[in-house]
Amino acid sequence: MYCRARGEADPKSSFLSDRLRPCPTRYQESVFHHWFNEALASKGALIVIDRSHNQVIGSSRYYEFDEKKREVTIGYTFLARDRWGGETNRELKHLMLPHAFQWVDTVWFHVDSQNVRSQRAMEKIGGRLSHRAIRQLTDRTQEYLLYKIEKPSRFD
């Protein structure tokens, strides 16, 4: 697996708008295009490619970089359904974390409070639950959990 910056020419993969995602309306064209354009504008969006099949299998993003606090958030991770529950998410985060730790000391992850699958995935990669928060989305209020991973001493 490898990651590269997501670009305008990249396919708008169907797995990003899967109806089983926590966002119940992302499959709708207007909602999906808003999300996709926001990802491109962030300059932190990545496309995830299965090296053995040269196939797009997911997307993730760095966002909310705070240079002074030396923090960044990793999220908006979407994987093809056939990659759920396996090693793909762990492998992806193990690619992204060392890159982030070149510039920051803390990496945050925002996980929907209803997304038990993602909560378990965070715990598997060493994320520690820090606190809960609420944010107002366009169509609903979302409670989410904030997990964090601190820079290991081997990166100093």
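Just so you know, in the range 112-140 the residues that are small (Gly, Ala, Ser) and assigned to a loop (DSSP other than H, G, I, E, B) include one that is surrounded by the most Cβ atoms within 10 Å (Cβ to Cβ), and it is Gly127.
One line per residue, one yes/no per condition, for (1) within 24 Å of Val48 (Cα to Cα); (2) among the aromatic types (Phe, Trp, Tyr):
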residue	(1), (2)
Thr88	yes, no
Gln102	yes, no
Val107	yes, no
Gly127	yes, no
Gln136	no, no
Asp139	no, no
Tyr144	no, yes
Ile149	yes, no
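Arg51 meets the conditions (1) loosely packed, with under 14 Cβ neighbours inside 10 Å; (2) at pLDDT 85 or above; (3) of a type in the set (Lys, Arg); (4) in contact with a helix residue (DSSP H, G or I) (Cβ under 9 Å, 6 or more places away or on another chain) in every case but one. The failed one is (4). Within the range 57-70, the presence of at least one residue that is charged (D, E, K, R), under 12 Å from the mean Cα position of the chain (by Cα), buried (at least 16 other Cβ atoms within 10 Å of the Cβ) and modelled with pLDDT of 85 or more is confirmed. Candidates are the residues of the range 81-95 that are surrounded by fewer than 19 Cβ atoms within 10 Å (Cβ to Cβ) and either without any contact (Cβ under 8 Å) to a residue 24 or more places away in the chain or of a type outside the set (Lys, Arg) (or both); the one that is farthest from His110 (Cα to Cα) is Asp82. Residues that are surrounded by fewer than 14 Cβ atoms within 10 Å (Cβ to Cβ) and among the hydrophobic types (A, V, I, L, M, F, W, C) within the range 96-111 comprise just one, Trp103. Residues of the range 43-79 being of a type in the set (S, T, N, Q) and in a loop (DSSP other than H, G, I, E, B), which ones? The answer is Ser52, Asn54.
Return yes or no: is Ser153 small (Gly, Ala, Ser) and either farther than 19 Å from Trp103 by Cα or at pLDDT 95 or above (or both)? Here the answer is no, as Ser153 does not meet what is asked.
If the condition is being outside any strand (DSSP E or B) and basic (Lys, Arg), then the range 141-156 contributes Lys151, Arg154.
Residues checked against (1) out of contact with any strand residue (DSSP E or B) (no Cβ under 9 Å at 6 or more places or on another chain); (2) under 24 Å from Arg154 (Cα atoms):
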position	(1), (2)
Ile47	no, no
Asp66	no, yes
Ala80	no, no
His94	yes, yes
Ser113	no, no
Val116	yes, no
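Just one of the numbered conditions (1) loosely packed, with under 15 Cβ neighbours inside 10 Å; (2) in contact (Cβ under 8 Å) with a residue 60 or more places away in the chain is not true of Glu143: (2).
The values are calculated or read from the model by the stated rules, or taken from the named source; none is laboratory data. Not measured: the values here are computed from a predicted model. In this analysis, Cβ positions are derived from the backbone assuming ideal geometry, glycine residues included, and neighbour counts consider all displayed protein chains.
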